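Contents: one structure, followed by commentary.
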Amino acid sequence: MSPTVVLVGPPGSGKSTIAAVLSARLGAKHRDTDADIEATAGKPISDIFVDEGEPHFRALERAAITAALQADGEVLSLGGGAILNAETRADLAGQHVVFLDVSLGEAVKRVGLGVARPLLLGNVRTQLRTLMEARRPLYDEVARQTVSTDGKTPEQIAGEILEKL
Ligand code: S3P
């Protein structure tokens, strides 16, 4: 058993938006591990970072991903840092993992509009650049498909993914 498709990429790459469009087109459930973690913890991720710290969040994230990978036929979106965990990267082998590749400029614009992200306090552009550069090899490692998202609508991106399933 495994999800139909797993979306990875940095904050602001559009994982949740694309997952919602994809799941509607497939008639499949959309599961988002950040949402699962918040439901289990009973508080927002930003509060988990403040109250318990990032290592605790990463442990919750690892557990949420292990559980989510048991589900069959779902569209799964992961938090941007999920691929930092080597066990998670190993678990993703064999899955249809899609790396949503976004430019720094576009990601900054999208994150600016979104919910508070604990790792992106201060200068969002600088933080995001550092994080994207450090993680790119890890996204490349797990990806079966890479889709550039700049200048495309969510429907176009979902269409490119559906063609490869
Ligand atoms: C994180 C990204 C967030 C969330 C947490 C940590 C990261 O998800 O999991 O704040 O390390 O990049 P998004 O990628 O949906 O912002």
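Each value in this text was obtained by applying a stated rule to the coordinates, not by laboratory testing. Nothing here was measured: the structure is a model prediction, and the numbers come from that model. FYI the Cβ positions are ideal-geometry reconstructions off the backbone, even for glycines, and counts take in every protein chain you see.
Mind giving me the FRET efficiency for ALA134 and LEU162? R0 is 30 Å, r the Cβ-Cβ distance, nearest 0.05 is fine. My answer for the efficiency is 0.45.
Hey, what do the phi angles of region 149-165 turn into as Karplus ³J(HN,Hα) couplings, whole Hz, using 6.51/-1.76/1.60 and θ = phi - 60°, x for Gly and Pro? After applying 6.51 cos²θ - 1.76 cosθ + 1.60, I find 9, 4, x, 10, 7, x, 5, 5, 5, 4, x, 5, 5, 4, 4, 9, 7 Hz. Summarising the amide proton neighbourhood of ASP101: residues at separation of 5 or more, or on other chains, whose placed amide H is nearer than 5 Å comprise VAL147, SER148, THR149. Sites listed here are trypsin sites (Lys or Arg not before Pro) in region 100-165 whose DSSP assignment is loop and whose Cβ has at most 15 other Cβ atoms within 10 Å: ARG144, LYS152. A simple rule links phi to the HN-Hα coupling: the Karplus curve 6.51 cos²θ - 1.76 cosθ + 1.60 with θ = phi - 60°, which for region 65-72 gives 6, 4, 5, 5, 6, 7, 6, 9 Hz, with x for Gly and Pro. Here each label is just a point 7 Å from Cα along the line to Cβ, and for ALA39 and ALA93 those points are 3.0 nm apart.
If R0 equals 35 Å, the separation of the Cβ atoms of GLU52 and ALA86 corresponds to a calculated FRET efficiency of about 0.95. Under 16 Å of direct C-alpha separation, and excluding same-chain neighbours fewer than eight residues apart, LYS15 reaches these lysines: LYS29, LYS109, LYS152.
3J(HN,Hα) along region 78-92, derived from phi through the Karplus expression 6.51 cos²θ - 1.76 cosθ + 1.60 where θ = phi - 60°, amounts to 9, x, x, x, 4, 6, 5, 8, 5, 5, 5, 4, 5, 5, 7 Hz, with x in place of Gly and Pro.
Each stretch of four or more DSSP H residues adds -39500 (n - 2.57); spread over every residue of the chain, this sum gives -17000 deg cm²/dmol at 222 nm. Taken over region 5-164, the percentage of Cα pairs per 5 Å bin, counting from 0 up to the bin with the maximum distance, is 1, 9, 19, 23, 23, 17, 7, 1, 0. Estimated at 0.36 nm per residue, the fully extended path between LYS29 and ASP72 surpasses their Cα-Cα distance by 14.5 nm.
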